[in-house]
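Reviewing the structure listed below.
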Amino acid sequence: MQDARPMLIVGAGHVGGRAAQALREFGWAGPVVMVGDEPHLPYERPPLSKAVLTGEQQADECRLRPAADYDTDSITHIRARVQAIDAAAHEVVLEGGRRLAYEALLLATGGHARQLTIPGSDLPGVLSLRTLGDAAALAPRLRDGARIVIVGGGFIGLEVAASARQRGCRVSLLEGAPRLMGRAVPAAVAEQMLALHRSRGVDVRLGCGPLAIEQRGAALSLSLQDGSSIEADTVVVGIGIAPATALAQAAGLAVNRGVVVDACLQTNVPGIYAAGDVAEFPGALSGLPMRQETWHNAETQARTAARNMLGGHEPYAALPWFWSDQYDHQLQVAGEPALGVRSVERRLGDGAQIHFDLDAEGRVVGASGCGPSSVVVRELKLARMLVERGAKPDPLSLADASVKLKSLLNA
């Protein structure tokens, strides 16, 4: 295998690191090369908005694997930006003109934090959070008494708000929509998380976004859509990511909301695959195109892509699942809740709740819940298992917290 072309991974993030590891695990003995433009080895992103900001976790602790493991597995990491893909030649072109050949290619390019497009959005002190470098820049600003304004009421914005409050900051959160977290969770769950943040001292303003940001002395002044203004020491923009599709699009790959792949994560060009945040793939339950920006998606798609790069034909079968830790609460969503035609609510006490979505046949296709972690985590695990098994429990039993979910799972 010494003369074999390498398995090439563009993007040295979570997906890239796990895919490289899986290629060795699945028996590929030829070269494995990861190319990425970040200075770090592959790392996990969930701690960036939580433990890294609060100082409970250091940057090195976010790594997927110790640096020595890549040497042990003979995985080459090249720090560079890929300029183009030459699909006909089975090569990629690095900035500067160097060419790398490949046997199969995985695009794991992730995405970029979306930026505000208002006057003053490029001022110093207006930050986003996507990379370890971003977290390193933001963490020192979360000091006791600092005025932090967060733009965006999605998961990143809410997690940063919780971390900033833990550090003693004065936090305001602006969300242009009438509710938090868009349509990612049921309205009742969004309301519960809104109440949680307000009870912890966050000034949450719904239906209100910034129009402009000005520098006024050492402070930043935000003019808001409701005619008011607010001052901040730091503004954190958390309005989602844009998938990094430019490289794929220039190479003639099909691109929609992400790089379009089939059930085996292969693009419309044979031998080129895409996985993680950048990939638009058919959902395992619905077959409808979706894109998932989650830890679980990165972990599971990396392995499927690696197997198929080696000649497999394994459909990606994992169901969507994500979680968010905020204060001492956890929120989880499993499956595809939008497929449900009926919702069943299960209240667990101490403010914990789970919403089950059932399809027309009574099958559990989605589960969304939140509450104190000590109360809800085990129940949410069982709820997720109901979704994964396509269970059809009695709705009355599903709503009755005195009926153990495990008994419904076994039934």
Return the sequence-ordered ³J(HN,Hα) values of region 247-260 in whole Hz as given by the Karplus equation 6.51 cos²θ - 1.76 cosθ + 1.60 applied to θ = phi - 60°, using x for Gly and Pro.
4, 5, 5, 5, 8, x, 6, 5, 9, 10, 7, x, 6, 6
For K392, give me every one of the aspartates and glutamates with a C-alpha distance below 13 angstrom, ignoring sequence neighbours fewer than eight places off in its own chain.
D357, D359, E361
What is the fewest-to-most order of S343, S373 by other Cβ atoms lying within 10 Å of their Cβ?
S343, S373
Using a cut-off of 10 Å between beta-carbons, work out the net charge of the residues near A84 (Lys and Arg +1, Asp and Glu -1, A84 not included).
-2
Considering only I85, A19, P6, whose Cα is most displaced toward the positive end of the charge dipole of region 1-111, charges sitting on Cβ of Lys, Arg (+1) and Asp, Glu (-1)?
I85
For Kirkwood radius over Cα pairs in Å, pick the label among [x] 21.0; [y] 22.7; [z] 21.8 that corresponds to the value derived from the coordinates.
[y]
Please list 3J(HN,Hα) in residue order for region 353-363, calculated via the Karplus relation 6.51 cos²θ - 1.76 cosθ + 1.60 where θ = phi - 60°; whole Hz, with x for glycine and proline.
8, 10, 10, 9, 10, 10, 7, 5, 8, x, 7
In percent, how large is the relative contact order of the chain, given Cα pairs closer than 8 Å and 6 or more residues apart?
14 percent
Please give the Cα centre distance for region 1-73 versus region 333-411, rounded to the nearest Å.
35 Å
Are there trypsin sites (Lys or Arg not before Pro) in region 170-251 that DSSP puts in a loop and that have at most 13 other Cβ atoms within 10 Å, and which ones?
R183
Backbone HN-Hα couplings from phi across region 185-191 [Karplus 6.51/-1.76/1.60, Hz, Gly and Pro as x]:
9, x, 4, 5, 5, 4, 5
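Taken together, the values in this text are just the output of simple stated rules run on the coordinates, not laboratory data. Quick caveat: nothing in here was measured; it's all calculated off a predicted structure. Methodologically, a virtual Cβ is constructed for each residue, glycine included, from the backbone with ideal geometry; neighbour enumeration extends over all protein chains shown.
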